[in-house]
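All remarks here apply to the structure that follows.
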Amino acid sequence: MRLAIVGLGLIGGSVALAARARGVASHVTAIDHADVLLLPEARAAADAHCDLGDAIRSAEAVREADLTVVATPVGAIEASIGRWLDDARVATDCGSTKRAVLAAAARSPRRGRFVPGHPMAGLPQGGIQRAHADLFVGRPWLLCPEGSDADAVSLVDTFVRDLGAEPLRLGAEEHDRAVALTSHVPQLFASALAVLADARRAGAAAGPAFESATRVAGGSEAMWRDILATNADEISSVLDALGSELEAVRRGLHGSPPDLGPALQLLERARALRARQER
């Protein structure tokens, strides 16, 4: 397989490294800005390198590829997916939200050649410098194949498996609703805890539980601005639900004497859930 990767950061770089290490791709072309392509890690990750600003060469690289993987932030995917579909035999993306990307792709007459995707893997900090070939091993890779051609879905499904990931299929609406709860709100919650601990000068008491809970705090503004903009409704819905859960606990603990019931019941529900998952 000849592979073109648009965006050679943590995800795109790891796709390139995994595809080469596992013999999935015979040739990898990286498409990104010149300053990224000049990095030693970028030079080592791909067989050929193409400046994103060179529209002619970029289009040629995509036309020559059996599969084009667009691994830029969601806003850039939304703005550029039509351009890549003009030339791609098959394209997929790695964006963290799907509805906005799908809406943009729907404007292309070659929409069927696009299989939206989202690898559930990553690190708190991005960049090609942190990319590695085993990033996707054993991790879910969500695919939203509604409206995609069957042969395109089959190609992307096989590609994902060959990288060591497990493809799972969701609708775009279902995807955005799910990741708001499992990814986007945890990012905000971790950030809020980190900021609050600093404001209250509690850092000296931080142990493994706090470090685990705040591991993802912060994050790239470029990436998270796009995620928040394209999934605001689902994120706000989860925040409402989370607030309701915690408000009951807060009211109980605020009493005099405190009512421990709501907090203990929440912990018990979580313990029961963990026990079921571990069976």
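The values are calculated or read from the model by the stated rules, or taken from the named source; none is laboratory data. As the structure is a prediction and not an experimental result, all values here were calculated from the model. For neighbour counting, all protein chains shown are included, and Cβ atoms are generated from backbone atoms with ideal geometry for every residue, glycine included.
Output the number of residues of the range 21-60 satisfying the condition of being under 21 Å from the mean Cα position of the chain (by Cα), without any contact (Cβ under 8 Å) to a residue 60 or more places away in the chain and surrounded by fewer than 23 Cβ atoms within 10 Å (Cβ to Cβ).
So the answer is 1.
Among residues belonging to the range 174-232 that are among the hydroxyl-bearing types (Ser, Thr, Tyr) and not in a helix (DSSP H, G or I), point out the one that is farthest from Thr97 (Cα to Cα). Walk me through it before giving the result.
Of all residues in the range 174-232, those among the hydroxyl-bearing types (Ser, Thr, Tyr) come to 182-183, 191, 212, 214, 220, 230.
Adding the requirement that they be not in a helix (DSSP H, G or I) leaves 214, 220.
Numbers: Thr214: 22, Ser220: 15 Å.
Looking at the filtered set, the residue picked out is Thr214.
Take Leu85 and decide whether it is assigned by TED's automatic domain parsing to the domain that holds Ser154 and more than 23 Å from Glu174 (Cβ to Cβ).
On the way: assigned by TED's automatic domain parsing to the domain that holds Ser154: yes; more than 23 Å from Glu174 (Cβ to Cβ): yes.
For Leu85, the condition - assigned by TED's automatic domain parsing to the domain that holds Ser154 and more than 23 Å from Glu174 (Cβ to Cβ) - is met.
Assigned by TED's automatic domain parsing to the domain that holds Pro119, of a type in the set (Asp, Glu), buried (at least 20 other Cβ atoms within 10 Å of the Cβ) and out of contact with any Ser or Thr (no Cβ under 6 Å at 6 or more places or on another chain): is that true of Glu78 in this structure?
So Glu78 fits the description; yes.
Return the total of residues in the range 82-96 being touching a Pro at 6+ places or on another chain (Cβ under 9 Å) and not acidic (Asp, Glu).
Qualifying residue count for the region: 5.
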